[in-house]
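Here the structure comes first, spelled out in structure tokens, and everything after it is commentary.
Please treat every number below as a calculation from the coordinates, not as lab data. Please read these numbers as outputs of a predicted model, since none were measured by experiment. Neighbour counts run over all protein chains shown; Cβ positions are idealised from the backbone, glycine included.
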Amino acid sequence: MGQTYIKNAYIATMNGTNQVFKNGGVLVEDDRILAVGRVDEALIEPDAEVIRASGKYVLPGLVNTHVHTSQQLGRGLGDDVGLLTWLHERIWPYESSMTAEDSYVSTLLCCLEQIRAGVTSFAEPGGQFVSGMARAVKEIGLRAKLAKSVMDCGDGLPKKWRKTTKEELDKQESDLKKYHNTANGRIQVWFGLRTIFNNSDELITASKELADKYKTGLHMHVAEIKDEVEYAKKTRGATTVAHLEKLGVLDKNFLAVHTVWLTDKEVAMFKKHDVKVSHNPAAAMRVLGFAKIPLMYREGICVSLGTDGAPSSNHMDMVDEMWLTSLIHKGWRLDPTVMKAQEILQMATKNGARALMDEDLYGSLEPGKKADLIIIDPNSASMLPLHDPIANLVTAMHSSNVDSTMCDGKWLMRGRVIKTADEKAIMKEAKERAAAICKKAGIQLPDRFPVTEF
Ligand SMILES: [Zn+2]
């Protein structure tokens, strides 16, 4: 692969002291970062690819810690409806009508959107086909934690999803054996729990044991809606978080998503067990509520950011999620000083890497780490001027300012052109498959305006 030398850039390293270099360089060799800041010219080989990045930023690739890649073809199926309609009439029929090939195309489309928004690594909480997702991730070049969404109980599940605890555990383990640490280590398999509504205690504790056994992570939607906490109290005798603690699964390899309905005491439980949090502000604003993110952040809990799935928040765009995070807590707390831009940038980079148990691999630009980085071109009417360059990355940037995305030392996008996939062909196939899945699932959305077709 050789060397790439990016010079004269504004570099936000996100290292231990969050050092920034003006007019600095990043030297990449194969899949690793060789030097950052002042780069010794003697290290640069004559045939290195040289990129003059004057006026541009270089940042670590963004980390999306919660994205349902298999739901990408379902974007728009859940707009303006209540949660039960969303789940029972739209998303479950849609997802349960998908094939592994659909999941592959859905994941490709989702990866395209993420690469364009500067993401280099993500965690998928679980579709039904790890095989389809893994194939897409391998081809397109991103880094991912994949999981099967397991369900062994609960009302109203589609027939083909009614599985025993053992079937779900066996499937997770066989997926892990097939795909864990494949694609030069870019793909890892995690264990995925849907929610306490659909997971028995036995499945929860056994999945945690397997995650420990294989030194991998456990991904779960936790205290997502108020009804969930009430349901847990009724069926388990404790709130979701208190019950998970009692089961002994709250731990440093536990990634809790949404975490909206937590008491201060439960926030303290997260801190005690070093639980990782994925905050998804767009999805939260739509139906879930406002998580206590400023408190969690102050307490030193590792809070990261995620987009959730396309039918939940429509934008699989981490740049938008950073912006929303900077706004919603200010409005909710009536305090414009909470959730500062530099904190949000940490959530989207190094906290994301920590949440995915990869802090030694990426999340910051440091010699020896994987070359997962992005170049930002701020020269657009919407991002200039740069009075406060770090703040602008959170408060003014759009994903269209992401110029180039590199993962594992390879350009996935260069100058806004996708290098690892045929974007047009993927979009064409995605449209066809999305329509076919809805037809198969019997989903037909009502027209919002009178339609005349010619
Ligand atoms: Zn989710």
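Values for this structure:
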quantity	calculated
Protection proxy ranking of 436-444, 249-257, 219-227 - average other beta-carbon atoms within 10 Å, highest first	219-227, 249-257, 436-444
Overall form of region 1-45 per C-alpha gyration tensor (a/c, 1.5; a/b vs b/c)	prolate
Volume per residue of the C-alpha convex hull in region 4-83, rounded to whole Å³	182 Å³
Estimated vicinal HN-Hα couplings, Hz - region 273-285 in sequence order (Karplus 6.51, -1.76, 1.60; Gly, Pro = x)	9, 6, 5, 9, 10, 10, 9, 10, x, 5, 4, 5, 5
Long-range HN-HN contacts of K292 with modeled amide H, under 5 Å	L262
All aspartates and glutamates inside 14 Å of K440 as judged from Cα atoms, apart from same-chain residues fewer than 8 positions distant	E89, E95, D102, E432
Binned Cα-Cα distance frequencies in region 62-355 - 5 Å width, integer %	1, 6, 13, 18, 21, 19, 14, 7, 2, 0
Over 27 Å (Cα to Cα) - which of K160/K419; K177/K276; K208/K271; K145/K271; K166/K428 fall in this group	K160/K419; K166/K428
Phi-based couplings in Hz for region 105-117 (Karplus 6.51, -1.76, 1.60; Gly and Pro marked x)	5, 4, 5, 4, 4, 5, 5, 4, 4, 5, 4, 5, 9
Cα-based Kirkwood hydrodynamic radius, region 296-443, one decimal, Å	17.7 Å
Long-range amide H partners of M413 with built H, under 5 Å	T405, K419
Estimated vicinal HN-Hα couplings, Hz - region 375-391 in sequence order (Karplus 6.51, -1.76, 1.60; Gly, Pro = x)	10, 10, 9, x, 7, 9, 4, 7, 10, 8, x, 10, 4, 9, x, 6, 4
For the chain, share of DSSP beta bridges that run antiparallel, in % to the nearest 5	45 percent
